[in-house]
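Encoded as structure tokens, the structure appears first; notes follow it.
What follows is calculated from the coordinates using simple rules that are stated; it is not laboratory data. Nothing here was measured: the structure is a model prediction, and the numbers come from that model. Here Cβ is always computed from backbone atoms with ideal geometry, including for glycine, and neighbour counts include all displayed protein chains.
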């Protein structure tokens, strides 16, 4: 639970109930996301827009086992390994009825928006309609990487990636590296641009040879540029770098407004795409993980217990952590003080 900026800890709370239409999931693995860290720092925009308030129970990247079902839910879900969508629409508005529940104006977001408790807990309640079943070939670590993977897959789809395309990804964090993995699986020639030497070296270790800083970036005709960073100047740079007639995708969010010259967008005949959430990309991500076309497990640098999450949110790296950008929480692990 985050109770105020910079204040968080493990609390005992009432167990969730499987109300009609919902299931209760015993969470096995959950990821700590940059959004969670923004809540911890108090910078998350939803706090300022009134869409979220403290205290908040975070966690929206998860995998677990259904342990209870509510009225109206198929009992066949009991005992199944699952993950689920973060974006939970009202189900009745025009957007929800057309399959765009992720932009429903009345949506809640698991562990993020509207007071819906998240999955950094031993149990979480979610609508059965949001569930995605996990096959045996997708373990708990992969299951907790489905949500970020869905964002990345939707970004690659938005970029219209074809075999042989030159794709540039801005920002080698979790989402950027996942975008690079999915683009590579689609047959693209993938390059990444970043600033931190350690993250660039980690990207090279994942088999990406085209890893650059802004100063060393080669003058290539980029068919697509995906901005997966949080730097306010990079959305405009993406438009400047992409080939005329190419595609730009913005999946990262800066903490301050970004300025893009729409004259450049028009005169270069650029297709620009914004991506919000993994909705629509979850099933495809599970399929890619199950088939082994994308394996993001090297991105997980450490697996900690729930008692260590506050330190991670405050920026501490767990003892013995590897170079990857993602920390996972094992909800079956008791506190070990590590």
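Packing, as the average of other Cβ atoms within 10 Å across residues, places the peptides 34-41, 216-223 in the order 34-41, 216-223, highest first. This ranking places 289, 46 by how few other beta-carbon atoms lie within 10 Å of each, fewest first, which gives 46, 289. Directionally averaged projected area (the chain, Cα convex hull): 16.9 nm². Going by a ≥ b ≥ c, the root eigenvalues of the Cα gyration tensor, does region 22-165 fall in the rounded group (a/c under 1.5), the prolate group (a/b larger than b/c) or the oblate group? Note, shape of region 22-165 comes out rounded.
The label-point distance for residue 106 and residue 287, in a model that sets each label 7 Å from Cα toward Cβ, rounds to 3.3 nm.
Largest first and in whole Å, give the semi-axes of region 1-53's equivalent ellipsoid, each being the square root of 5 times a Cα gyration tensor eigenvalue.
On the way: eigenvalues 117, 42, 30 Å².
Here the semi-axes work out to 24, 15, 12 Å.
For the pair residue 17 and residue 78, label points projected 7 Å from Cα toward Cβ lie 1.9 nm apart.
Over region 57-171, what is the mean sequence separation of C-alpha contacts under 8 Å (at least six apart), divided by residue count, expressed as relative contact order in percent? Display every interim value, and only then the final one.
Details: 157 pairs, mean separation 34.9, N = 115.
It comes to 30 percent, rounded to a whole number.
For the chain, the relative contact order is 18 percent, taking Cα pairs closer than 8 Å that sit 6 or more residues apart in sequence and dividing their mean separation by the residue count. Computed over region 212-338, the alpha-carbon pair-distance distribution with 10 angstrom bins reads 11, 26, 31, 22, 8, 1, each value a whole percent.
Apply the a/c threshold of 1.5 to the C-alpha gyration tensor of region 174-234 and tell me whether it is rounded, prolate or oblate. Verdict is rounded for region 174-234. Extending 7 Å from Cα along the Cβ direction at residue 49 and again at residue 264 yields two label points whose distance is 2.5 nm.
Indicate the gyration tensor shape class of region 94-136 (rounded, prolate or oblate), computed on the Cα atoms with a ≥ b ≥ c the square roots of the eigenvalues: a/c under 1.5 is rounded; otherwise a/b larger than b/c is prolate and the rest oblate.
Numbers: a/c = 3.08, a/b = 1.29, b/c = 2.38.
Here region 94-136 falls in the oblate category.
Overall shape of region 146-266 was characterised from the C-alpha gyration tensor. The equivalent ellipsoid obtained from it has semi-axes of 19, 16, 15 Å, in decreasing order.
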